[in-house]
């Protein structure tokens, strides 16, 4: 049987595309293993898929001054040694990396063991982890045409992002029951990312009394961010994180408010969901989400509020605008040529094994 090691972690965005590949990999008779961090979100998500999971030491390579910059390189070196031993044990035919800092030692170890590597870069510009890993890869997949100019021409392949099949088969009635909603109000779904977003959570909750007059609200607020004072608020359902029920919540939602991580917005595009994007600010990131959001805004897929401009008033205006114009957003997304990224990637993996 063919063997593949998947890697990637740190955030759900570095894991969910790997999960999207699992059904097709199984159909193509691959034996699948996963290498991630000891306690990252990827561990819980992958173990739920009944995939053998191996944790390694993982350090973060920061662009700013931090005392951890002195110790984390040693964690990466330790992770490299662990990856070398794991790859010798698993004996994979190929490694597929979704990025994140935990993937760096795995990709470097694969190169040292002469195992072919394929990388997927979600954002318009490659992140630091993938920049380090790209020289060790045979091919680099990407989501946006704008990304091709940042990648080695002989390695770059425009694939789009793998979308989990189950997201396309949600049942809104299940979400109504799960959230204890009625059927007579439109639904607003807020997704702040796997760790949540304080600025988005605060803006939603400040505006909650006004929003609940017109909408029912599903709020995925991130781990540790539940507001106990709002637990029994009618028409408002808050959760730290949702996995199995997310497809039903997407099916029920009329509008989605989201960060602008590439995987998240590609899912919104595939589902044709009118959306408001609030990208992570440049002050707190390398600005990739801002570029992603601008690309989708330019194509007519999204309404964008920059984090610095987020307030109760700008949020209310955005929601009213998108809801009143939702048909035009849906038409724009419907006209987009959503590529069959899963099949493209599977074919690429098979080709590298010949």
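Points to keep in mind about this one:
- Residue that is nearest to residue 205 (Cα to Cα), among those in the stretch 317-335 that are at pLDDT 95 or above and in contact with a helix residue (DSSP H, G or I) (Cβ under 8 Å, 6 or more places away or on another chain): 319
- Qualifying residue in the stretch 108-122 (condition: outside the structural domain of residue 237 (by TED's automatic domain parsing), over 19 Å from the mean Cα position of the chain (by Cα) and at positive phi): yes
- Annotation: of all residues in the stretch 308-348 being assigned to a helix (DSSP H, G or I) and within 21 Å of the chain's Cα centre (by Cα), the one that is surrounded by the fewest Cβ atoms within 10 Å (Cβ to Cβ) is 343.
- All positions within the stretch 180-204 that are surrounded by fewer than 21 Cβ atoms within 10 Å (Cβ to Cβ) and more than 24 Å from residue 42 (Cα to Cα): 180, 181, 182, 183, 184, 185, 186, 199, 202
- Test for residue 261: is it modelled with pLDDT under 90 and over 16 Å from residue 300 (Cα atoms): yes
- Only residues that are part of a loop (DSSP other than H, G, I, E, B) and within 24 Å of residue 9 (Cα to Cα) were counted across the stretch 174-207, and they come to 6.
- Residue count for the stretch 73-95, restricted to those that are in a helix (DSSP H, G or I) and out of contact with any helix residue (DSSP H, G or I) (no Cβ under 7 Å at 6 or more places or on another chain): 12.
- Taken together, the residues in the stretch 118-135 that are part of a helix (DSSP H, G or I), in contact with a helix residue (DSSP H, G or I) (Cβ under 7 Å, 6 or more places away or on another chain) and buried (at least 19 other Cβ atoms within 10 Å of the Cβ) amount to 2.
- Here is the figure for the stretch 31-48: residues that are without any contact (Cβ under 8 Å) to a residue 60 or more places away in the chain and farther than 18 Å from residue 195 by Cβ total 5.
- Residue match in the stretch 147-157 (condition: more than 30 Å from residue 235 (Cα to Cα), more than 22 Å from the chain's Cα centre (by Cα) and either surrounded by 15 or more Cβ atoms within 10 Å (Cβ to Cβ) or touching a residue at least 60 places away in the same chain (Cβ under 8 Å) (or both)): yes
The values are calculated or read from the model by the stated rules, or taken from the named source; none is laboratory data. In this text the structure is predicted, and so the values were computed from the model without any measurement. Please note: Cβ atoms are built from the backbone with ideal geometry, for glycine as well, and neighbour counts cover all protein chains shown.
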